[in-house]
Amino acid sequence: ESLLGSFSNKAIAKEYMTHHWDHFITKQDVKFLADSGVEYVKIPIPYYAMNDIADGEPFVDGQWMYFIRFVGWARQYGIKVWIDMHTTLGTQSEFDLLAGDLQESTTCQHWINDPEKVNRSMKAIKDMAQSVMNDNLRDVVTGFGILSEPFSNCPADKVKKYSNEALTAVRQIMGDDTSV
């Protein structure tokens with residue numbers, strides 16, 4: 001169920017999510033991770049975190065500034081970060097309940113066969129990679145997950161094409177030493 005199913009409007013949903021982002025992970029949590037020997041953290045981020053929300057979509061943005069805050073704490077405690085673009089518009093995964101589509105789907109066909117949805121996914125990857133560079137996060141953000149858990153029935157040739165394009169885009173922006 002989307003946030004709009006739980007809240008009467010996006011302003012209330014945004015207020016709720018802002019409270020969540022403010023309090024879910026704290027600097028003390030990051031210190032605990034470092035003290036426990038954690039060296040890398042993978043952070044799931046939805047494609048719409050970069051403000052790509054069309055009219056009628058039930059999502060709210062604002063996550064990126066909290067990602068920046070987390071990366072600052074990770075830098076302070078010597079932890080490296082991987083971005084994990086955890087959703088695509090049109091559902092690429094059977095495991096993500098809010099995989100970016102407004103309809104329930106049992107295949108990735110609503111994503112991989114729709115050029116607009118694939119292009120929006122690719123734009124999100126490029127925008128996140130560029131923001132890593134613009135926000136001076138590259139010393140901490142060393143990896144980028146480009147597609148989370150695609151359906152096993154996704155056409156392999158199309159996923160490979162998407163993956164190769166995303167790999168090229170991330171490395172052109174963040175550098176050839178970026179793990180993808």
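Throughout, read-outs are computed from the coordinates displayed, never taken from laboratory work. Predicted model, so just to flag it, every value in this text is computed and none were measured. No Cβ is skipped: glycine too gets one built from the backbone with ideal geometry, and neighbour counts run over all protein chains shown.
Numbers below:
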item: Karplus-derived HN-Hα couplings along the range 22-32 (A = 6.51, B = -1.76, C = 1.60, θ = phi - 60°), whole Hz, x at Gly and Pro; result: 5, 10, 5, 10, 10, 4, 5, 4, 5, 4, 4
item: Summed residue charge, Cβ within 14 Å of Asn136's Cβ, Lys/Arg positive, Asp/Glu negative; result: +1
item: Burial ranking of peptide ranges 114-123, 41-50, 54-63 (average Cβ count within 10 Å, highest at the top); result: 41-50, 114-123, 54-63
item: Cross-link table Lys31/Lys160; Lys80/Lys158; Lys126/Lys161; Lys42/Lys123; Lys14/Lys158, entries beyond 26 Å C-alpha to C-alpha; result: Lys31/Lys160; Lys80/Lys158; Lys14/Lys158
item: Ranked by how many other beta carbons lie within 10 Å on average, peptides 155-161, 142-148, 34-40 from highest; result: 142-148, 155-161, 34-40
item: Per-peptide average of other Cβ atoms within 10 Å, ordering 65-75, 13-23 highest first; result: 65-75, 13-23
item: Extension gain from Asp55 to Phe24, taking 0.36 nm per residue of separation minus the Cα-Cα distance; result: 8.4 nm
